[in-house]
Amino acid sequence: PTVEIIKGDGDADEGTIANDANTEAEAVEYEHGETRDIVINVENTGTEDLVDVVLTDETLSGTPIEGLLWTTPDGTELVAEDVDGVLTATWDGPWAPGEVITGVATLTLSAGEALHTNLASVEAEGAGSGTPVEDDDPYNANPPEPEPEIGVTKNDEGDDVHEVAVGEHDIVVTITNDGTEALENLEFSDTTESGHDAVWNAEDLEGLEGLVLEPGESYTVNGTVQVDAGQTHRNNVVITGTGV
């Protein structure tokens, strides 16, 4: 009796593996927020039926895989259950020589997370001989480094440059974290190049103090400006911050 297990990312529908990635040096590079199919193929490579099969998957570091589902050669589906932090499924068998058990799951990695290292294992024994067999196979994946980026839009609910009526106009500044790292130490500055100074909402400005802006989140600062007849108003808002 012998058994072999191979794990990697690939095509869940086809049950094929593209990247085995057994070592940290071979770790697959993920993009921010990327999700890949994880495929585990376990074959009875011996000449004897196997029974009392135990299939496990343990995340050693980083984000764990999700939704691990095993399919046995007779079509039985086994949902892996968390047993003391190890995804575990069992099958009585019999498991004939040459037949394959396939496990499929997903893995999603985001910027700044730890290296994902995972170990899939199988244990069983010969149906007639009672000889125990086992095998394991690791998989490594590397999330990208976080990248801070900030985006600022400002207008008075219209185009960037346009004709306005005489009077007071609302200005809306939207600060957005366009990167993959949280931002802090956000500071707001405004330079008037022509016309009246803008008046900014004090509570909105105070809200920037201590604010941590997560990736994809936005924060709004509201203000007003007076525009007189024959006057061109121009001001420039600058937002600075640092990646957490």
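Here are 138, 148, 144: which of them is open to solvent by less than 60 Å² (accessible area, probe 1.4 Å) and at pLDDT below 95?
Working: 138 fails: at pLDDT below 95; 148 fails: open to solvent by less than 60 Å² (accessible area, probe 1.4 Å).
Result of the check over 138, 148, 144: 144.
Sort out which residues of region 68-113 are open to solvent by less than 40 Å² (accessible area, probe 1.4 Å), at pLDDT 95 or above and in a loop (DSSP other than H, G, I, E, B), and write them in order of number.
72, 80, 93, 96 - these are the residues of region 68-113 that are open to solvent by less than 40 Å² (accessible area, probe 1.4 Å), at pLDDT 95 or above and in a loop (DSSP other than H, G, I, E, B).
Pairs please, first residue from region 166-186 and on the phi > 0 side of the Ramachandran plot, second anywhere and surrounded by fewer than 19 Cβ atoms within 10 Å (Cβ to Cβ), Cβ atoms under 8 Å, 6+ apart in sequence or on different chains.
Listed by first residue and then by second, the contacts come to 167/226; 167/227; 185/240; 185/242.
Looking only at region 179-188, which residues are open to solvent by less than 80 Å² (accessible area, probe 1.4 Å) and at pLDDT 95 or above?
Once the filter is applied, which keeps residues that are open to solvent by less than 80 Å² (accessible area, probe 1.4 Å) and at pLDDT 95 or above, region 179-188 yields 183, 184, 186, 188.
Taking interchain pairs and intrachain pairs at least six residues apart, which have beta carbon atoms under 6 angstrom, with the first residue in region 63-87 and farther than 20 Å from residue 36 by Cβ and the second part of a loop (DSSP other than H, G, I, E, B)?
Cβ pairs passing all conditions: 73/99.
Which one of these does residue 204 not meet: (1) in contact with a Ser or Thr (Cβ under 9 Å, 6 or more places away or on another chain); (2) within 19 Å of residue 111 (Cα to Cα); (3) of a type in the set (Asp, Glu)?
(2)
Check region 121-130 and report whether any residue there is in contact with a Ser or Thr (Cβ under 9 Å, 6 or more places away or on another chain), part of a strand (DSSP E or B) and of a type outside the set (Asp, Glu).
First pass over region 121-130, keeping only residues in contact with a Ser or Thr (Cβ under 9 Å, 6 or more places away or on another chain): 121-123, 125.
Then keep just the ones that are part of a strand (DSSP E or B); that gives 121-123, 125.
Adding the requirement that they be of a type outside the set (Asp, Glu) leaves 121-122.
Within region 121-130 (the criterion being in contact with a Ser or Thr (Cβ under 9 Å, 6 or more places away or on another chain), part of a strand (DSSP E or B) and of a type outside the set (Asp, Glu)), the answer is yes, since at least one residue qualifies.
Tell me, yes or no, whether region 123-133 has at least one residue that is closer than 22 Å to residue 67 by Cβ and among the polar types (S, T, N, Q).
Taking every residue of region 123-133 in turn, none turns out to be closer than 22 Å to residue 67 by Cβ and among the polar types (S, T, N, Q).
Restricting attention to region 203-238, which residues are in a loop (DSSP other than H, G, I, E, B), open to solvent by 80 Å² or more (accessible area, probe 1.4 Å), touching a residue at least 40 places away in the same chain (Cβ under 8 Å) and not hydrophobic (A, V, I, L, M, F, W, C)?
Result: 217, single match.
Taking the residues in region 1-35 that are part of a strand (DSSP E or B) and among the acidic types (Asp, Glu) as candidates, determine which candidate is least open to solvent (accessible area, probe 1.4 Å).
9
From the residues in region 36-50 that are in a strand (DSSP E or B) and open to solvent by less than 30 Å² (accessible area, probe 1.4 Å), which one is nearest to residue 120 (Cα to Cα)?
40
Could you tell me how many of the residues in region 189-202 are open to solvent by 50 Å² or more (accessible area, probe 1.4 Å) and of a type in the set (A, V, I, L, M)?
2
The values are calculated or read from the model by the stated rules, or taken from the named source; none is laboratory data. Model, not experiment: these values are computed from the prediction. No Cβ is skipped: glycine too gets one built from the backbone with ideal geometry, and neighbour counts run over all protein chains shown. Each accessible area value is taken on the protein alone, full model and side chains, heavy atoms only, with ligands, DNA and RNA left out. Shrake-Rupley method; radii C 1.70, N 1.55, O 1.52, S 1.80 Å.
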